[in-house]
Amino acid sequence: MGVPTLEAIARAAGPSERIVALLPAGRGELFAQLLAVAADGAVIPIDQAAHLKPAQVWEKYSSIRNLKWAGEGALIQAPALKEYATANNISFVEETDLATTGDSWRLVPSCENLAAAVAAIAFSEFQRGRAGTAESLTAIYVRPSDAEINQKWPNAKQPSN
């Protein structure tokens, strides 16, 4: 059973109407996705995973005033996230009590056991009859590899005939 890491991050952060899961993507960029987590732990993607610069992430979700931020990417970018929120009159809370409510951007503490969230999602999918075979598993590539980018770039520079 394949489980997207961003979904596992959201599940580990607990129930939420809106949560942005963030992972470092290298070069100071982030993998980001907006999700919801139901009270029963079901993870519902709201948008597609994206590969963005931090400022693009903040802008993308700036209209949502009641939002959790979770994952290693959120923790690494916490100072920039807080600075953006403050500059845009958005309340920012470093959440130590997951019961915090109200219109604010809330930074979820680090999850020490992401494997439990992965297992819970996989088990739930299995119970729903969505298990596949090892051969049916595919990787989710949000960003093309450097080799793919480098291969396409010279082709884009060549004049057309």
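Within 20 Å of V118 (Cβ to Cβ), in a loop (DSSP other than H, G, I, E, B) and of a type outside the set (F, W, Y): does that describe A74? No. Checking each residue in region 33-74 for being over 14 Å from I19 (Cβ atoms), of a type in the set (A, V, I, L, M) and surrounded by 15 or more Cβ atoms within 10 Å (Cβ to Cβ) picks out A50, L52.
Take A120 and tell me if it is assigned to a helix (DSSP H, G or I), over 17 Å from the mean Cα position of the chain (by Cα) and within 21 Å of E17 (Cα to Cα). Give the derivation first.
Details: assigned to a helix (DSSP H, G or I): yes; over 17 Å from the mean Cα position of the chain (by Cα): yes; within 21 Å of E17 (Cα to Cα): yes.
Here the answer is yes, as A120 does meet what is asked.
Among the residues of region 22-60 satisfying the criterion of being of a type in the set (G, A, S) and without any contact (Cβ under 8 Å) to a residue 40 or more places away in the chain, which is nearest to E83 (Cα to Cα)? Filtering first and then ranking leaves A55.
Could you run through region 34-71 and say how many residues are assigned to a strand (DSSP E or B) and more than 21 Å from A120 (Cα to Cα)? It would help to see each step written out before you state the result.
Of region 34-71, the ones assigned to a strand (DSSP E or B) are 34-37, 43-45, 50-52, 67-70.
Now drop any that are not more than 21 Å from A120 (Cα to Cα), which leaves 50-52, 67.
Summing the residues that are assigned to a strand (DSSP E or B) and more than 21 Å from A120 (Cα to Cα) in region 34-71 gives 4.
Do the conditions hold for I19, that is, is it loosely packed, with under 14 Cβ neighbours inside 10 Å, at pLDDT 95 or above and assigned to a strand (DSSP E or B)? In short, no. Contact map, region 1-17: residues that are over 13 Å from K68 (Cα atoms) paired with residues that are of a type in the set (F, W, Y) and modelled with pLDDT under 95, Cβ distance under 9 Å, separation 6+ or inter-chain. Pairs shown: M1/F123; M1/F126.
For first residues located in region 63-81 and farther than 13 Å from S110 by Cβ, partners that are not in a loop (DSSP other than H, G, I, E, B) and lie 6+ apart or on another chain with Cβ distances below 6 Å form the pairs I64/R18; L67/R18; L67/W105; K68/S16; K68/I19; K68/R106; Q77/P54; A80/P54.
The values are calculated or read from the model by the stated rules, or taken from the named source; none is laboratory data. Only a predicted model underlies this, so the values are computations on that prediction, with no experimental measurement involved. With ideal geometry, Cβ positions are generated from the backbone for all residues, glycine too; neighbour counts draw on all protein chains shown.
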